[in-house]
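Visitor: Quick one: structure below, then a few questions.
The values are calculated or read from the model by the stated rules, or taken from the named source; none is laboratory data. If you're wondering where the values come from, they're calculated on a predicted model, not measured in any experiment. Here the Cβ positions follow ideal geometry from the backbone for every residue, glycine too, while neighbour counts run over all protein chains shown.
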Amino acid sequence: MHDKSSDPHPSREELPLPDYDHMPVAGLEHRMRSLPADDLRTVRAYEQEHADRPQVKQMIDHRLDQLEHGSAPSGGDPAAHGAEQARPTRGRSSVSPQTAALPPDPLPHGTYDRSHPTQPNNPRTRHR
């Protein structure tokens, strides 16, 4: 296997962030904080070759600059479930078409909604 930090064209399998292609930009900055500089360079090369999003490249460059000036990668697992990834469910939902609530009937035209007594045309609140 070749050194991924020197590869100018990394593949998806070489990325240190699983599902990188499906992550929203807002979640990337948090996930990148745990990566060392070599992994960030790999992500940047992949970004340059694929989506080429200026804001993502700028985030990576900023983080690389921080690391070069003494910052350390934060703790945490970049492969862990983040807010942008749904956690697997433990079981099946007990809701089914047979147990789901029925949709409410729409009000006929011209009638008021009795659940909102402050509605302007409500006869209970109309001034005489």
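Visitor: Kindly indicate whether any position in region 102-118 is under 17 Å from Leu17 (Cα atoms), exposed (fewer than 10 other Cβ atoms within 10 Å of the Cβ) and either modelled with pLDDT of 75 or more or hydrophobic (A, V, I, L, M, F, W, C) (or both).
Guide: Looking through region 102-118, none of the residues is under 17 Å from Leu17 (Cα atoms), exposed (fewer than 10 other Cβ atoms within 10 Å of the Cβ) and either modelled with pLDDT of 75 or more or hydrophobic (A, V, I, L, M, F, W, C) (or both).
Visitor: Something else: Quick check on my filter: what residues within region 29-54 are in contact with a helix residue (DSSP H, G or I) (Cβ under 6 Å, 6 or more places away or on another chain) and farther than 13 Å from His9 by Cα?
Guide: Glu29, Met32, Ala37, Asp38, Leu40
Visitor: A further question on this structure: For region 32-52, check the following and say yes or no: at least one residue is at pLDDT 90 or above and more than 23 Å from the chain's Cα centre (by Cα).
Guide: yes
Visitor: Name the single residue that is surrounded by the most Cβ atoms within 10 Å (Cβ to Cβ) among those in region 31-54 being within 17 Å of Asp21 (Cα to Cα) and small (Gly, Ala, Ser).
Guide: Going through the qualifying residues, I end up with Ala45.
Quick grid of which residues meet (1) more than 30 Å from Pro10 (Cβ to Cβ); (2) surrounded by 10 or more Cβ atoms within 10 Å (Cβ to Cβ); (3) at pLDDT below 65:
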{"residue": "Val56", "(1), (2), (3)": "no, yes, no"}
{"residue": "His69", "(1), (2), (3)": "no, no, no"}
{"residue": "Gly75", "(1), (2), (3)": "no, no, no"}
{"residue": "Gly91", "(1), (2), (3)": "yes, no, no"}
{"residue": "Pro123", "(1), (2), (3)": "yes, no, yes"}
